[in-house]
1. So, in region 30-45, how many residues would count as being at pLDDT 95 or above and either among the charged types (D, E, K, R) or not in a loop (DSSP other than H, G, I, E, B) (or both)?
2. What residue, among those in region 102-115 that are open to solvent by less than 30 Å² (accessible area, probe 1.4 Å) and among the β-branched types (Val, Ile, Thr), is nearest to the chain's Cα centre (by Cα)?
3. Quick one: in region 4-18, which of the residues that are within 15 Å of the chain's Cα centre (by Cα) and open to solvent by less than 70 Å² (accessible area, probe 1.4 Å) is farthest from Ser56 (Cα to Cα)?
4. For region 83-98: of the residues being open to solvent by less than 30 Å² (accessible area, probe 1.4 Å) and small (Gly, Ala, Ser), which is nearest to Asn32 (Cα to Cα)?
5. Going through region 88-98 one residue at a time, which ones are in a strand (DSSP E or B) and closer than 30 Å to Gln13 by Cα?
6. Taking the condition assigned to a strand (DSSP E or B), open to solvent by 30 Å² or more (accessible area, probe 1.4 Å) and of a type outside the set (S, T, N, Q), does Val74 pass?
7. Taking Gly15, is it in a loop (DSSP other than H, G, I, E, B), at pLDDT 95 or above, under 24 Å from Ser115 (Cα atoms) and not hydrophobic (A, V, I, L, M, F, W, C)?
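The values are calculated or read from the model by the stated rules, or taken from the named source; none is laboratory data. All values derive from a computational prediction rather than experimental measurement. Cβ coordinates were reconstructed from backbone atoms using ideal geometry, including for glycine residues, and neighbour counts include every protein chain displayed. When the accessible area is computed, the model is the full protein with side chains, heavy atoms only, and any ligands, DNA or RNA have been set aside. Shrake-Rupley method; radii C 1.70, N 1.55, O 1.52, S 1.80 Å.
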Amino acid sequence: QVQLVESGGGLVQPGGSLRLSCAASVRISSINVMGWYRQAPGNQRDLVATISNGGSTNYADSAKGRFTISRDSVRNIVTLQMNSLKPEDTAVYYCLANNGYRDYWGQGTQVTVSS
């Protein structure tokens, strides 16, 4: 069983930055892929970024050049640094962990980009 706890969401003005963190209850070195997804009201849950155990990253086109995903295997945390935020980035952001057998999700953290 993997438990994930997200933090770092909030209200930010357009052009601002936020840093999301996802703390895992297990060693993330044992998890194949971790990542972030987001879901805006009325929309499906979409990929933002993933990072593999080997450090390979994958980003949605909307996140490329603005967001950076990283993992800290000592603290068992995955972070998403979000810069140049836009109103369309407003959503609930969810942390994902896949251990090769199933997906685990966190409860989500709200990100609102508004002036």
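1. Matching residues across region 30-45 total 8.
2. Step by step, filter region 102-115, then rank; the result is Thr109.
3. Gly10
4. Across region 83-98, the extreme among qualifying residues is Ala97.
5. Ala91, Val92, Tyr93, Tyr94, Cys95, Leu96, Ala97
6. Working: assigned to a strand (DSSP E or B): no; open to solvent by 30 Å² or more (accessible area, probe 1.4 Å): yes; of a type outside the set (S, T, N, Q): yes.
No: the conditions fail for Val74.
7. So Gly15 passes the test.
Every residue, every condition in (1) assigned to a strand (DSSP E or B); (2) among the small types (Gly, Ala, Ser); (3) surrounded by 14 or more Cβ atoms within 10 Å (Cβ to Cβ), yes or no:
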site	(1), (2), (3)
Val2	no, no, yes
Leu20	yes, no, yes
Leu47	yes, no, yes
Ile51	yes, no, yes
Gly65	no, yes, no
Gln81	yes, no, yes
Gly100	no, yes, no
